[in-house]
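S.K.: Have a look at this one before I ask anything.
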Amino acid sequence: MRRGKRFLEKDNLFIYVGTAIFFILAIALGIIMYMTSRTANKIKNESGQVVQESKVDETVENTEKASTDIGKTIKEQENSENEEKNTNTVNKQDSNSVTTNKEIGNANSTKVENTSSNKKDTKTGNNPVDEPDKIVPAKEEVPETKKDITFIKPVEGDIICEYAKDNLIYSETLKEWITHTAVDIKADKTSVIKAAADGVVKTIVNDPRYGLTIIISHDDGYETIYSNLLTAEFVVEGEEVSQGQTIGTVGNTAAFESSMESHLHFELLKDEEYLDPTIYLK
């Protein structure tokens, strides 16, 4: 009985050990399969990523190639358009050159025909009749009308001593015969003296012979001189004056005519030559 019991205990031990070994092997096999599966998945993922990166690189390369091809195509198209434009320009220039040469040829031909015709007319005695040139009437030039200067009498009164540039007159003051390059116009003392014409006051001077004097310059080289004045305070040198403007008053300041009645000693010059004022006064 004891022997049989020991045998049974031994068999149970083998069963326990076998079962344990089986479970250990199963666990080991499971671990191995898990690790194998994980490794395979990792390899698969890495392979897929490599393939994907390869595809991306290929796509980028294809895109760059396409861009390059498009650039080449555009450049080739531009070159083609430029060549076509240059060709058209050359053809146009050639056409213009041909047209010009043709016109020159026609002109030369016409010239030759005219020369031949002239020669033929000369031989036959029939000279060609030239058409008369059209007569263009000359434009009539209208001369510029220059307005003459007119002078008014600077003071109202009678002339008591005439102009005598080329003759001698007797001076009561100097008691001698002298020339007289002015006219003496009788007027009361302080009578207003007016500018004989438009002009500019050139000089105001107190001359020892002619007394207080005003000289006015006018256009065309004319000058008027007003002497034997009492006052000349109405104008200043350099002032523009108008015809009829008050410039002074009659006095008795001329030493060489002091024995005469109060009057204006009035002279007229053109280009420094004395003129007879009575010819120009209105």
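The values are calculated or read from the model by the stated rules, or taken from the named source; none is laboratory data. For clarity, every value in this text was computed on a predicted model and none was experimentally measured. Counting neighbours? That spans all protein chains shown, and the Cβs are built from the backbone with ideal geometry, glycine included.
S.K.: So, in segment 182-209, how many residues would count as being crowded, with 19+ Cβ neighbours inside 10 Å, within 48 Å of the chain's Cα centre (by Cα) and in a loop (DSSP other than H, G, I, E, B)?
M.R.: Qualifying residue count, segment 182-209: 3.
S.K.: Now a separate question. Among the residues of segment 249-273, what is the count of those that are assigned to a strand (DSSP E or B) and surrounded by 16 or more Cβ atoms within 10 Å (Cβ to Cβ)?
M.R.: Going residue by residue through segment 249-273, those that are assigned to a strand (DSSP E or B) are 249-250, 263-270, 273.
Next, only the ones that are surrounded by 16 or more Cβ atoms within 10 Å (Cβ to Cβ) stay: 249-250, 263-269.
Residues meeting the conditions: 9.
S.K.: Kindly indicate the residue of segment 140-180 that is at pLDDT below 90 and of a type in the set (A, V, I, L, M) and also nearest to GLU223 (Cα to Cα) among those meeting that condition.
M.R.: Here the answer is ILE149.
S.K.: Here's something else I'd like to know. Could you look through segment 233-248, keep only residues that are of a type in the set (Gly, Ala, Ser) and under 14 Å from ILE152 (Cα atoms), and pick out the one that is surrounded by the most Cβ atoms within 10 Å (Cβ to Cβ)? Steps first, please.
M.R.: Start the filter on segment 233-248 by keeping residues that are of a type in the set (Gly, Ala, Ser), which leaves 238, 242, 244, 248.
Restricting the remaining residues to those that are under 14 Å from ILE152 (Cα atoms) gives 242, 244.
Numbers: SER242: 10, GLY244: 12.
In this case the residue turns out to be GLY244.
S.K.: Here are SER227, SER217: which of them is farther than 14 Å from HIS265 by Cα and among the small types (Gly, Ala, Ser)?
M.R.: On the way: SER227 fails: farther than 14 Å from HIS265 by Cα.
Of the residues listed, the single one that is farther than 14 Å from HIS265 by Cα and among the small types (Gly, Ala, Ser) is SER217.
S.K.: While we're looking at this one, here's another question. Counting only residues that are out of contact with any Ser or Thr (no Cβ under 7 Å at 6 or more places or on another chain) and assigned to a strand (DSSP E or B), which one in segment 210-232 is surrounded by the fewest Cβ atoms within 10 Å (Cβ to Cβ)?
M.R.: This residue is SER217.
S.K.: Please verify whether segment 235-248 includes one or more residues that are on the phi < 0 side of the Ramachandran plot, among the hydrophobic types (A, V, I, L, M, F, W, C), part of a strand (DSSP E or B) and more than 50 Å from the chain's Cα centre (by Cα).
M.R.: no
S.K.: Could you say whether any residue in segment 263-272 is of a type in the set (A, V, I, L, M, F, W, C), in contact with a helix residue (DSSP H, G or I) (Cβ under 7 Å, 6 or more places away or on another chain), under 25 Å from LYS175 (Cβ atoms) and modelled with pLDDT of 95 or more? It would help to see each step written out before you state the result.
M.R.: Applying the first criterion (of a type in the set (A, V, I, L, M, F, W, C)) to segment 263-272 yields 264, 266, 268-269.
Those left that are additionally in contact with a helix residue (DSSP H, G or I) (Cβ under 7 Å, 6 or more places away or on another chain): 266, 268.
Cutting the leftovers down to under 25 Å from LYS175 (Cβ atoms) gives us 266.
From what is left, the residues that are modelled with pLDDT of 95 or more are 266.
So far as segment 263-272 goes, yes, one or more of its residues are of a type in the set (A, V, I, L, M, F, W, C), in contact with a helix residue (DSSP H, G or I) (Cβ under 7 Å, 6 or more places away or on another chain), under 25 Å from LYS175 (Cβ atoms) and modelled with pLDDT of 95 or more.
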